[in-house]
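Participant: Following this message is one structure expressed as structure tokens.
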Amino acid sequence: MSKEGVVHSLEKLFKPFAVISGFISARNGNEPILFDTIRDAVHTSLKILLRPQDLAVFCGILNDKTLTLFWDDADKLSYLLDPTQTISSGSKKRKRTLPGSSELNHLLDVFTERLNKLLHEAGGDTVKIDTVLKGLEALHMPKSPLQLSGTPVDATELLDSLRSADFYKSQIIDGATLCVPASKAKMASPNSQIHKAIWDALKASRNIDQLFVHQAQSINHTGDVVLSTSTASGKSLVYQIAALQLLLDDPNSRVLLVFPTKALAQDQLASITQLASKTHGLDIQITVMDGDTQERDAVSTASVILTNPDTLHMVLPSPKWRAVWSNLRLVVLDELHVYQGQMGQHVAHILARLQRLILDESQVRFIGCSATTANPQAHMQMLTGRSAHVISEDGAPRGAKHLVLWDSMGRADTARISAHLLSRGARTIIFCKFRKLCELVCHEILDHLDQTPRLRTLKSFVMSYRAGYTVQERRNIERALFDGQTRLVVATSALELGIDIGALDVVLTVGVPVTMAALWQQVGRAGRRNQDSLAIVIATTSSIDRQMVKSQNVFKRTVEQAQVSQEPSIAWSHLQCAAFELPIDCNNDADAKMLCRILGTNESLSLLKSQSSNPLRFDAITGKWVCALSYKPWPAAKVPIRSIRQTDWQVVQRTQSGSLILLEELDSWHAIFTLYEGGIFLHRGRTFSIELVDVDAQIALVAEASVSWYTEQRDYQTVIPIEPQKATSLANPKTQYIFGAVEVKATVFGYRRKDIRTKQVLEIVEHRSPSLSTNSFGVWIDIPISVTQELSKNKYDVEASVHAAQHAMLVEVSKLVGCMLDDLATECKSPMATRSKTPRLVIYEKAAAPNGPTMRSVAVAQTIMQRAMERVEKCICKENTKLEANFDVVGGCTKCILLASCSEHNECINKKGALLILKSICQKL
């Protein structure tokens, strides 16, 4: 067809389409129009056949704002036609009313003009004209939800499309990008013979007939190994093969698989059960022991037991488990990198107790699987007390990873990016640091999709996932992710671990991850199964994120070493548990080895005799050490191994029919900041009005409410010294470094109603909730009034200065007494706080412990304060002043006063004021 013929044909189609659409819109209030409706109307009036492809061509000739095509909630092709979008920006746009109006006439003129221009560029070549029109069809015909589910995604194209999106304003920091190139699979044959039955099972169940090099190396090595390879590299297959091989050779053997979470154990249960069921000649039972399974079932019949450290800690004393320990031949520690800090110390001591109960430990093999850390071999040895061979040559194929830093500059970009990715079929996970942020981001995405008619149908693909949801709810979300029913999930770190949720294309992190290890763990969730992936780190307005934007080194940081705490109080608590399991005989080799591992010294006997705090009892008749009476009847129950607080509260939804549904479970700490009458409770992106809070019953009654605002608690936390126990003088004779008991008190005294879109405060409401108090140990220094006067004289905010000084002090306490930074906390200044407090530096222990880090810090108090002062004084970071409504944030970086763990996001902090305080304490003014 000639150029003129094409113009005539398309004009003949477009004019009735535009006119009739105008009539329908005027009648229906500009609501979306179904394609079926306009097709039938045009055919009835003019006997002209209108096809979906024609609308795509119209869309390409005009633009996506003038004519918007989309699939509605019922998977029906729909559209919106807005003639005003063709009027130039200098003209006054009017709302269209009736066909034949100036806007409609202008639309017809613009259509003809743009069509002629498009065809002119193609020349008179009929083939080129046909190619142009088909190109418009392909580009502007929206994919249905079914088509999106099967659409392969190219990470590079996704990134390019983001750069050309209408909301893109150069947010990608070009100096902070990284491309990790793709790598091919490296295969190898194991030297040792794998049973044919296992090979047959691998082929039948997973189509595997050869192994990656790291898998083969692990199987070749018969001793302890620790695998440190990338996420989704097939580490779990190594221990599955090892377990089945062992059980084919010796059916009486027992295998213990230890996972940090119940969800991960359940995930691996399905995987290993599937492989075992296909292994000819293997008749075994595999079970999970996580506190919900009957103990007798696992003990009496299971060859493979999947458990977690919490359950293992509780069952070690049980005589029913002795048969398991006597036949134990393989212990697997999956997600090894999780076991750090005090949790790592607990796990190390639990394993030491377990190894003591094994009749012949030399017969047991340990396999560890770890994400990226700087010291996997040393970390494995910290936990098991044994030397393990590290395998880090990754043979798994890997698609290219494109990493970018996106500076949101305070804009709500996450919802726009998410909608853009969804509309292109990308499967995405968004990591948020906090529960509330997770819910707000999910709500923002759903709201943005709802406000954009062409995107509404994508709402069904969005879910949130975090701690607090019921177990069944989380399992359902995991299945929906794996099956592709959910294409975008907003999650906390609960999904960082290796639960198989299928192949993902994109990872978004809201806020820069604190550590490189955490960054790579999150980034590794995308690009599984040998596909390219995109990772977008969205920098927020927090001080640390701004520093990352400025330095552009977010992807250049080194991976941190895994560390395990060495708290004496934790060690002695586990010795009480061990003495209850079997009385401790210092002349017994196994007992002596356990004592050395737990106490960290060969001089265990003298320590046992001299220990005054938390002592064991010596039984003169047997000559053995036994558990103290205060720990009975079950010591493990009195030694909690996690800092996670117990779930106490229930959030119950009252439906319109009057029925009650358990919505969520919360611990007391989260409840006080979340549940208050008149507030809004966020759950899976939905808003619920809190109608009743029963403190005695620990139940909150909520009802779903469609509101455009949410609530943010007004609270403060106070650390109150209640019993000084020990003190030492500092260089300044007016100051003392005091250790003692403290009360940590959290109080909610009201809340703010905030617009859920703009985040603007709509109303401030007074409300008093019961305070929540916990007791701990801490150290404090009262600041002399002369110092506060000097701060005021220099116009330094006193509390911002104290806040910054506490951060510097906290870091040095951690370093000098050998505890983890996360074991300690301090009062953090909120920019919204108006109450005055006693000027005091205070550091306290999150989990109180006798002879804990704060008590040990008294002996090196002067050194701590000297180093804190030097930390601030010698840091060469430039002063950075950000003025807010009624406070300053002055200077600092993560090398001096900024802390990633700051509960107030380092928003109210003053470096110069901190230095003045620290110099005064050290008598350096």
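Participant: Evaluate E = 1/(1 + (r/R0)^6) for Ala165 and Ile621, where r is the Cβ-Cβ distance and R0 equals 60 Å; express this FRET efficiency to the nearest 0.05. Could you put the intermediate results ahead of the total?
Facilitator: Working: r = 79 Å, r/R0 = 1.32.
Plugging the Cβ-Cβ distance into 1/(1 + (r/R0)^6) gives 0.15.
Participant: So, one more: Calculate the dipole size of segment 261-391 relative to its Cα centre from +1 charges on Lys and Arg beta carbons and -1 charges on Asp and Glu beta carbons; express the result in debye to the nearest 20. Numbers along the way, then the final one.
Facilitator: Numbers: 10 positive and 11 negative charges, 73 e Å.
Dipole size: approximately 340 debye.
Participant: Same structure again: Please calculate how many Å² of accessible area the chain carries per residue, with a 1.4 Å probe and no DNA, RNA or ligand atoms counted.
Facilitator: Details: 40580 Å² over 925 residues.
Dividing the accessible area of the chain by its residue count gives 44 Å².
Participant: Let me ask another. Given charges of +1 on the Cβ of Lys and Arg and -1 on the Cβ of Asp and Glu, with all other atoms neutral, how large is the dipole of segment 338-458 about its Cα centre, in debye to the nearest 20?
Facilitator: For this selection, approximately 160 debye.
Participant: Of the listed values (i) 109, 82, 58; (ii) 95, 68, 57; (iii) 168, 112, 59, identify the label whose number matches Cα extents along the principal axes in Å calculated from this model.
Facilitator: This structure yields the entry labelled (i).
Participant: Please name which of Ala270, Ala323, Leu351 has its Cα lying farthest along the dipole of segment 266-358 towards the positive end, using unit charges on Cβ (Lys, Arg +1; Asp, Glu -1) and the Cα centre as origin.
Facilitator: Farthest along the dipole direction, towards plus: Ala323.
Participant: Expected output is a single nm value to one decimal: the length gained when fully extending between Gln923 and Lys795, i.e. 0.36 nm times separation in residues minus the C-alpha distance. What is it? Please report the intermediate quantities before stating the final value.
Facilitator: On the way: separation 128, 0.36 × 128 = 46.08 nm, distance 2.12 nm.
That pair, Gln923 and Lys795, stretches by 44.0 nm at full extension.
Participant: As I understand it, the dipole of the chain uses +1 on the Cβ of Lys and Arg and -1 on the Cβ of Asp and Glu, about the Cα centre. Which of Val842, Gly223, Val490 lies farthest toward its positive end?
Facilitator: The Cα lying farthest towards the positive end belongs to Val842.
Participant: Ignoring ligands, DNA and RNA, what percent of the 1.4 Å accessible area of the chain is carbon and sulfur?
Facilitator: On the way: 20390 of 40580 Å².
Roughly 50 percent of what the probe reaches on the chain is carbon or sulfur.
Participant: Mind running the shape call on segment 606-762? Use the C-alpha gyration tensor, a ≥ b ≥ c as the square roots of the eigenvalues: rounded below 1.5 for a/c, prolate if a/b tops b/c, oblate otherwise. Walk me through the numbers on the way to the answer.
Facilitator: Details: a/c = 4.19, a/b = 1.71, b/c = 2.45.
Here segment 606-762 falls in the oblate category.
Participant: Could you tell me the center-to-center distance, by alpha carbons, between segment 698-724 and segment 751-791 in angstrom?
Facilitator: When both Cα centres are located, 12 Å separates them.
Participant: Using alpha-carbon pairs under 8 Å, 6+ residues apart, how would you state the relative contact order of segment 266-338 in percent? Before the final figure, lay out the partial values.
Facilitator: Working: 49 pairs, mean separation 17.3, N = 73.
After rounding, I find 24 percent.
Participant: Also, I was wondering about something else. Only four residue types carry charge here, +1 at the Cβ of Lys and Arg and -1 at the Cβ of Asp and Glu. Report the dipole size of the chain about the Cα centre in Debye, rounded to the nearest 20.
Facilitator: Working: 103 positive and 95 negative charges, 291 e Å.
Dipole magnitude for the chain comes out near 1400 debye.
Participant: Can you tell me the length gained on complete extension of the stretch Asn602 to Gln285, counting 0.36 nm per residue apart and subtracting the Cα distance? Don't skip to the answer; put the middle values down first.
Facilitator: Working: separation 317, 0.36 × 317 = 114.12 nm, distance 4.13 nm.
Length difference between fully extended and current span is 110.0 nm.
Participant: List the GluC sites (Glu not before Pro) in segment 727-817 that DSSP assigns to loop (not H, G, I, E or B) and whose Cβ has at most 13 other Cβ atoms within 10 Å. Which are they?
Facilitator: Working: sites: Glu743, Glu763, Glu766, Glu790, Glu799, Glu812; in loops: none.
Filter output for segment 727-817: empty list.
Participant: May I ask for the net charge around Ala578, where only other residues with Cβ less than 9 Å from the Cβ of Ala578 are counted and Lys, Arg are +1 while Asp, Glu are -1? Intermediate values should be presented prior to the final figure.
Facilitator: On the way: positive: Arg353, Arg356; negative: Glu581, Asp591.
My count for the surroundings of Ala578 gives 0.
Participant: Continuing with this model, one more query. Beyond a 19 Å Cα-Cα separation, which of these cross-linked pairs lie in this structure: Lys874/Lys911; Lys829/Lys911; Lys745/Lys846; Lys734/Lys846; Lys795/Lys912; Lys143/Lys459? Intermediate results must be reported in sequence, preceding the final value.
Facilitator: Numbers: Lys874/Lys911 12 Å; Lys829/Lys911 14 Å; Lys745/Lys846 13 Å; Lys734/Lys846 29 Å; Lys795/Lys912 10 Å; Lys143/Lys459 15 Å.
Those over the limit are Lys734/Lys846.
Participant: Which lysines have a Cα lying under 25 Å from the Cα of Lys196, excluding residues fewer than 8 positions away in the same chain?
Facilitator: Lys186, Lys235, Lys278
Participant: Moving to a separate point now. Among the aspartates and glutamates, which fall within straight-line cross-link reach of Lys624, defined as a Cα-Cα distance under 12 Å, with same-chain neighbours fewer than 8 residues apart omitted?
Facilitator: Those aspartates and glutamates meeting the cut-off are Asp585, Asp591.
Participant: Do any trypsin sites (Lys or Arg not before Pro) in segment 681-741 lie in a loop, going by DSSP, with at most 15 other beta-carbon atoms within 10 Å of their beta carbon, and if so which?
Facilitator: Values: sites: Arg684, Arg686, Arg714, Lys726, Lys734; in loops: Arg684, Lys734.
Answer in residue order: Lys734.
Participant: Moving on. Excluding same-chain residues fewer than 8 positions from Lys550, which lysines have a Cα within less than 16 Å of its Cα?
Facilitator: Once the sequence-local lysines are set aside, what remains near Lys550 is Lys878, Lys882, Lys895.
Participant: Please name whichever of Thr452, Phe555, Gln472 sits farthest to the positive end of the charge dipole of segment 432-586, dipole taken about the Cα centre and charges placed at Cβ: Lys and Arg +1, Asp and Glu -1.
Facilitator: It is Thr452, whose Cα lies furthest towards the positive end.
Participant: Can I ask one more? Between beta-carbons, use under 15 Å as the cut-off and find the net charge around Ser161, counting Lys and Arg +1, Asp and Glu -1.
Facilitator: Details: positive: Lys143, Arg163, Arg416, Arg424; negative: Asp64, Asp154, Glu157, Asp160, Asp166, Asp413, Asp505, Asp532.
Summing Lys/Arg as +1 and Asp/Glu as -1 gives -4.
Participant: OK, next. Can you compute the FRET efficiency between Phe482 and Trp634 using 1/(1 + (r/R0)^6), with r the Cβ-Cβ distance and R0 = 30 Å? Round to the nearest 0.05. Can you show the working numbers first?
Facilitator: Details: r = 39 Å, r/R0 = 1.29.
That gives a FRET efficiency of 0.20.
Participant: Follow-up question, since we're still on this one. Can you tell me the relative contact order of the chain? Whole percent, Cα pairs under 8 Å, sequence separation 6 or more.
Facilitator: On the way: 1752 pairs, mean separation 84.1, N = 925.
This gives 9 percent for the chain.
Participant: Quick check: the distance between the Cα centres of segment 242-296 and segment 395-473, to the nearest angstrom?
Facilitator: Answer, in whole Å: 35.
Participant: Relative contact order of segment 159-263: what whole-number percent is it, with Cα pairs under 8 angstrom and at least 6 residues apart?
Facilitator: Working: 53 pairs, mean separation 21.6, N = 105.
Result for segment 159-263 is 21 percent.
The values are calculated or read from the model by the stated rules, or taken from the named source; none is laboratory data. Being a predicted model, the structure only gives us computed values, none of them experimental. Heads up, the Cβs are rebuilt from the backbone with ideal geometry, glycines too, and the neighbour counts pull from every protein chain shown. Just the protein is used for accessible areas: all its heavy atoms, side chains included, with ligands, DNA and RNA removed. Shrake-Rupley method; radii C 1.70, N 1.55, O 1.52, S 1.80 Å.
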